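Report on the structure given below.
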Amino acid sequence: MESKVNYSIVGLFVVLLLGASVLTAWWLYSGGSSRQYSPYLVYATDSVSGLNSDSRVYYHGVDVGYVDTIRIDRRNPDNIRIRLLIDQTVPIRADTSAQLQPQGVTGLSVLNLKGGSAEEDLPAAPDACCPLIPYEPSLFSKLEGGLNDTMVRLVAVSERIDRLLSEENLQAVDRTVANLDQITGTLAEERETLRSLLKNASRTAENTAALTENGERLLARAHDTMDSLDLAIGKASVTMDTFEQTADRVATAAEVTVGFSQAGERAADEISRQTLPDISLLIRDLRDLSRRLSEFTSTLDDDPSRAIFGGDQRAPGPGEANR
């Protein structure tokens, strides 16, 4: 007897089983939750040993996402390109930074986000597919870098110490010590000479101080002399100005004198042409008058009556006798 099988029920069961398998796989892939994620980029500048894909991302200790991919940056091989998927509800601010943090003694690491006090959201990078979170080296990286620098410096110091303590330098130190012993002995023998030298140096210092005082006084006198010289130069300048003014006045007077001389020459010419002939005639008339006065005086001396009766006597009339 053949059993009757309902293939419709079997097909429905298979479909439901496949749907459940798909939902289970998606739930496992999404981490068992229905959160929505946003992509972010981080460029690490040091070793990311212990960090793998699917490593967790924490924000102040709270699980907010996971690491999607880890690759070496093609443009700069010194950088490690880390793509993160972070819950969309988590506020990623402009001052948020990522730091690699080891997790216990397992050798694994996680990314820890810190910051977020700024009010502005993290802007998207112009040449990237998603916003770029700044990376801060981890504490172990800083310690490792500091240890490396310290070791390099210690090696350099060790090399310098080796060069300092070389055989040649040690022999030079021995010779220097021997020379110091000889110098010390010589100084002990020449103590009296050194004392004399010190006394002479003291006297020299005193003489130098005296010379310094004298030099200061000389400088003060020189300053006074320079001041006096400045005053003399000022007075000489004033005198030169006065002399120049006097010379100008003399030149003006000379010009006036020349004018007077020319006027005198013209006046002399006028006198010689007009006045002198008149003066000559006057002198001649005066001479004639003087001659006549002399003759008249002589006549009066001879005959005073002539002053009354005149110079010519008329002939006596009839009956008049000659007197």
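For the range 158-215, GluC sites (Glu not before Pro) meeting the loop criterion (DSSP other than H, G, I, E, B) and having at most 12 other Cβ atoms within 10 Å: Glu190. Here the alpha carbons of the range 1-115 define both size measures, Rg and Dmax, at 21.3, 78 Å.
With the convex hull of the Cα atoms taken as the outline of the range 81-191, the averaged projected area works out to 16.7 nm². Computed packing ranks the peptides 80-90, 119-129 as 80-90, 119-129, most packed first, by mean other Cβ atoms within 10 Å.
Residue order by solvent-accessible surface for Ile9, Ile133 is Ile9, Ile133, largest first, with ligands and nucleic acids left out and a 1.4 Å probe. Rolled with a 1.4 Å probe across the full set of protein chains, the surface gives Leu16 an accessible area near 110 Å².
The values are calculated or read from the model by the stated rules, or taken from the named source; none is laboratory data. The model shown is predicted, which means the values in this text are computed figures rather than measured ones. Methodologically, a virtual Cβ is constructed for each residue, glycine included, from the backbone with ideal geometry; neighbour enumeration extends over all protein chains shown. What goes into the accessible areas is simple: the full protein's heavy atoms, side chains included, and nothing from ligands, DNA or RNA. Shrake-Rupley method; radii C 1.70, N 1.55, O 1.52, S 1.80 Å.
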